[in-house]
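This report concerns only the one structure given below.
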Amino acid sequence: ELGGVARRLHHTIEGLDVPTYLADLVKRVQSHPKIELLTGAEVAGFSGYKGNFKTTVKMNGGQKEIDHGVVVVATGGQEYKPKEFLYGQDPRVMTQLELGDFIAQNRDEVAKWDQAVFIQCVGSRNEENPNCSRICCQGAVKYALQLKELNPKMDIFILYRDMRTYGVLEDYYRKARDLGVIFARFDPERQPEVTKEGDQLSVTFIDHVLQLPVKVRPNALILSAGVLANDTEQFATMLKIPRNAFGYFIEAHAKLRPVDFASEGIFLCGLAHAPKLISESIAQAMAA
């Protein structure tokens with residue numbers, strides 16, 4: 001299917017209706033006379049140079065050879081599946097994308113919640129993945145604002161290491177604070193503790209001002225899971241294009257050539273390059 005991770009988003013922090021936007025875009029691609037769409041396909045061979053590439057595509061048990069002038073690499077990414085904080089052991093522990101789906105399907109139930117807790121940097125900025133996933137902070141703020149809209153009296157805690165709401169996203173962070181969302185910093189050496197007490201979830205964290213433990217019993221615990229690159233090792237080897245230690249593709253020059261590779265005629269955009277917002281992916285795609 002077309003759409004990648006955007007298929008799991010319901011709105012942006014600015015309020016863009018993602019499903020409507022995406023459905024229109026997919027429809028335009030599918031009906032365009034100059035676009036041939038091959039789903040369920042795999043790149044099996046690649047050769048040539050700019051203006052004269054040849055790609056072999058496997059699909060439906062057969063093969064197709066395509067002669068083309070340029071390549072746009074937009075292989076996307078995925079949400080990290082947590083192993084921490086009772087994820088998978090209790091349905092009330094969910095990721096940000098799962099929260100978005102849950103709100104869309106159970107608005108009335110969510111509006112009755114008394115408390116919600118977000119834990120940041122789950123699957124990011126650790127030994128396994130030292131990379132900052134960059135978009136999780138604004139995601140927590142976005143969903144906190146949505147929860148406050150559903151129930152202004154709901155207690156919402158965002159447990160963070162560093163809030164990275166860069167640029168104008170800072171305005172939404174300030175709005176969340178004004179609405180009473182509580183931001184509590186934690187030390188990576190003293191992570192929040194999540195347990196079950198009977199049938200209740202319990203989250204304990206050290207308040208960085210009081211230097212005392214605080215225990216809350218939320219209706220939902222939302223893990224701000226990191227962004228991972230899709231598995232593109234074989235694809236990257238075939239096209240002879242570089243990736244970094246996290247599996248993301250590396251552009252020719254971060255400032256001077258941010259949307260193409262050193263190999264001419266091959267361009268780059270979206271989560272294939274690094275974690276980024278929909279607006280940033282669109283801007284980079286237009287540049288490519």
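If I filter segment 1-41 down to residues being of a type in the set (Gly, Ala, Ser) and assigned to a helix (DSSP H, G or I), which single residue comes out as most open to solvent (accessible area, probe 1.4 Å)? If we take residues in segment 1-41 being of a type in the set (Gly, Ala, Ser) and assigned to a helix (DSSP H, G or I), then Ser31 is most open to solvent (accessible area, probe 1.4 Å). How many of the residues making up segment 124-152 are farther than 19 Å from Ile13 by Cβ and of a type in the set (A, V, I, L, M)? So the count comes out to 0. The set of residues from segment 196-209 being open to solvent by 60 Å² or more (accessible area, probe 1.4 Å) and either more than 20 Å from Gly88 (Cα to Cα) or in contact (Cβ under 8 Å) with a residue 60 or more places away in the chain (or both) comprises Lys196, His208, Val209.
Could we say that Phe183 is assigned to a strand (DSSP E or B), in contact with an Asp or Glu (Cβ under 6 Å, 6 or more places away or on another chain) and crowded, with 16+ Cβ neighbours inside 10 Å here?
When the stated conditions are applied, Phe183 does not pass them.
A Cβ distance below 7 Å, combined with a sequence gap of six or more or placement on separate chains, defines the contacts here; from segment 25-54, residues that are farther than 12 Å from Ile66 by Cβ reach residues that are of a type in the set (Asp, Glu) and surrounded by 10 or more Cβ atoms within 10 Å (Cβ to Cβ) in the pairs Lys50/Glu264. I'd like to check something: does segment 42-53 contain any residue that is touching a helix residue (DSSP H, G or I) at 6+ places or on another chain (Cβ under 6 Å), hydrophobic (A, V, I, L, M, F, W, C), modelled with pLDDT of 95 or more and assigned to a loop (DSSP other than H, G, I, E, B)? Checked against the condition, which is being touching a helix residue (DSSP H, G or I) at 6+ places or on another chain (Cβ under 6 Å), hydrophobic (A, V, I, L, M, F, W, C), modelled with pLDDT of 95 or more and assigned to a loop (DSSP other than H, G, I, E, B), segment 42-53 yields no hits at all. If you go through segment 52-103 and keep only what is open to solvent by 20 Å² or more (accessible area, probe 1.4 Å), of a type in the set (D, E, K, R) and under 21 Å from Val203 (Cα atoms), you end up with Lys81, Lys83, Glu84, Arg92, Glu98.
Within segment 186-195, restricting attention to residues that are loosely packed, with under 13 Cβ neighbours inside 10 Å and not in a strand (DSSP E or B), the residue that is nearest to the chain's Cα centre (by Cα) is Pro188. Applying the condition of being within 25 Å of Leu212 (Cα to Cα) and either free of Cβ contacts under 8 Å to residues at least 24 places away in the same chain or acidic (Asp, Glu) (or both) to segment 154-173 and asking which residue is most open to solvent (accessible area, probe 1.4 Å) yields Asp155. Here the strands (runs of 3 or more DSSP E) wholly within segment 63-180 that include at least 3 residues being over 29 Å from Ile250 (Cα atoms) are 115-122, 155-160.
The strands (runs of 3 or more DSSP E) falling completely within segment 210-267 that include 1 or more residues that are surrounded by fewer than 17 Cβ atoms within 10 Å (Cβ to Cβ) and hydrophobic (A, V, I, L, M, F, W, C) map to 212-216. Within segment 201-251, restricting attention to residues that are within 22 Å of the chain's Cα centre (by Cα) and charged (D, E, K, R), the residue that is farthest from Ser263 (Cα to Cα) is Asp231. Candidates Ala272, Ala245, Ala254: the one that is farther than 18 Å from Glu79 by Cα and of a type in the set (A, V, I, L, M, F, W, C) is Ala254.
The values are calculated or read from the model by the stated rules, or taken from the named source; none is laboratory data. Quick caveat, the model's predicted, so the values are computed rather than measured. Please note: Cβ atoms are built from the backbone with ideal geometry, for glycine as well, and neighbour counts cover all protein chains shown. Accessible surface areas use protein heavy atoms only, side chains included; no ligands, DNA or RNA. Shrake-Rupley method; radii C 1.70, N 1.55, O 1.52, S 1.80 Å.
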